[in-house]
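Chemist: Quick one: the structure is below, questions incoming.
Read the figures in this text as sums done on the coordinates, not as results from a lab. All of these numbers come straight from a predicted model, not from anything done at the bench. Reconstructed Cβ throughout: ideal geometry from the backbone, glycine too, with neighbour counts over all protein chains shown.
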Amino acid sequence: MGAPELLQFALAGLKNGSIYALVALGFTIVYASTGVINFAQGEFVMLGGMLSVWAHSTLGLPLPLAALIGILGTAVIGVVFELLAIRPRKDGDPLALIIITVGGSLLLSNLARHVFGPSERSLPAFTAGPSLRFLGATLERQSLWIFGLTALAVVVLTVFYSRTRLGRAMRACSINRTAARLVGVDPKRLVTISFALAAALGGLAGVVTTPLTQTAFNVGSSFGIKGFAAAILGGLGNPIAAVIGGLVLGLLESMSIAFLSSTYKDAISLVVLLLVLFIRPQGLLGRGGREKV
């Protein structure tokens, strides 16, 4: 295999890894505020794509506005999901809450099938034109949007958590909810905001991916599994680690196609997930022995 072919696989891996990173960030944000794994996160990716397609194709809105509706609409659905499904059992068994998110995932998927239909849908590329050439490899223009928007999301979240009062309150709540409540922080409000942020990130992933891969009512489970594997690989609860985990997972998948077979591509995330859980449960960048209060 020559250098151009290897670079082609690497670019494809980074592209997919950027999407996994966005999904993993959603898992991390919700886990940090609730201690719960939200297995409906993959459906937020599906909803972002489907809502943007509906706004663009059915309502005839311009693509930028349709994309914005996809992201904001998914964020609203995330808030409703938290209010109706999570908040009534907020002090319940974590296992029960996880099962609720699994049920919510199935409900959202089936509702999307009835509302939008079973057919695959697509959006036009954000930037028209032929693929770009880079050192003998080709790169779709839409991939640049994926890289750029993922990087922007990471920067915005970093600034939000480190520089804003609300972000610092969310960090405090994730470290010690009782202490945060004693100094005037409202954990209920912050959990709702975390679900809105996680859903918006999922919606962003769906919007930016749909021009390349299309979307349908049943794509959420695949994104959810791979985003969860990326979050575990990097270290659940750490946004930067989630991004690194997503990129590493994307590269591993792509290299498995290059050196093994495309047959094993979708199995890689499950193998990685199992290996990390058995060998290093805290993830690549996580700290061992962490206790969540």
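Chemist: What does the convex hull of the Cα atoms of region 17-68 come to per residue, in Å³, rounded to a whole number?
Modeler: 86 Å³
Chemist: Zone of LEU83 (label point 7 Å along Cα→Cβ, backbone N under 19 Å): which residues in region 93-115?
Modeler: Backbone N within reach: 101, 104-105, 108.
Chemist: Find out how many positive minus negative residues lie around ALA229, taking Lys and Arg as positive, Asp and Glu as negative, among other residues whose Cβ is under 15 Å from that of ALA229.
Modeler: In short, +1.
Chemist: Further, regarding this structure: Could you tell me how far the Cα centroid of region 206-267 sits from the Cα centroid of region 12-91, in Å?
Modeler: Spelled out, the Cα-based centre of one part sits 16 Å from the other.
Chemist: Lysine pairs in the chain 8 or more apart or on different chains: how many have alpha carbons under 24 angstrom apart?
Modeler: Total qualifying Lys-Lys pairs in the chain comes to 6.
Chemist: Just to be sure I understand, if you calculate Cα Rg over 2.2 N^0.38 Å for this structure, which of [x] 0.98; [y] 1.57; [z] 1.03 do you get?
Modeler: Computed from the coordinates, Cα Rg over 2.2 N^0.38 Å corresponds to [x].
Chemist: Moving on to the next point. So for the chain, taking the charge dipole from beta-carbon charges (+1 Lys/Arg, -1 Asp/Glu), which of GLY35, ALA198, LEU144 sits furthest toward the positive end?
Modeler: Final value for the positive-end residue is GLY35.
Chemist: Another question about this same structure. May I ask which residue of SER174, GLY60, GLN214 lies farthest towards the positive end of the charge dipole of the chain, with charges of +1 (Lys, Arg) and -1 (Asp, Glu) on Cβ and the Cα centre as origin?
Modeler: SER174
Chemist: OK, next. Could you work out how far helix 3-34 tilts from the main Cα principal axis of the chain, as a 0 to 90 degree angle to the nearest 10?
Modeler: 20 degrees
Chemist: Okay, next question. Order these by the 10 Å Cβ neighbour count, fewest first: PHE44, PHE27, PHE9, PHE160.
Modeler: Listing PHE44, PHE27, PHE9, PHE160 from fewest to most nearby Cβ atoms yields PHE160, PHE9, PHE27, PHE44.
Chemist: Further, regarding this structure: When the scattering of region 199-293 is computed by the Debye formula from its Cα atoms alone, each counted once and equally, what is log10 I(q)/I(0) at q = 0.13 Å⁻¹?
Modeler: Scattering profile of region 199-293, log10 relative to I(0): -0.49.
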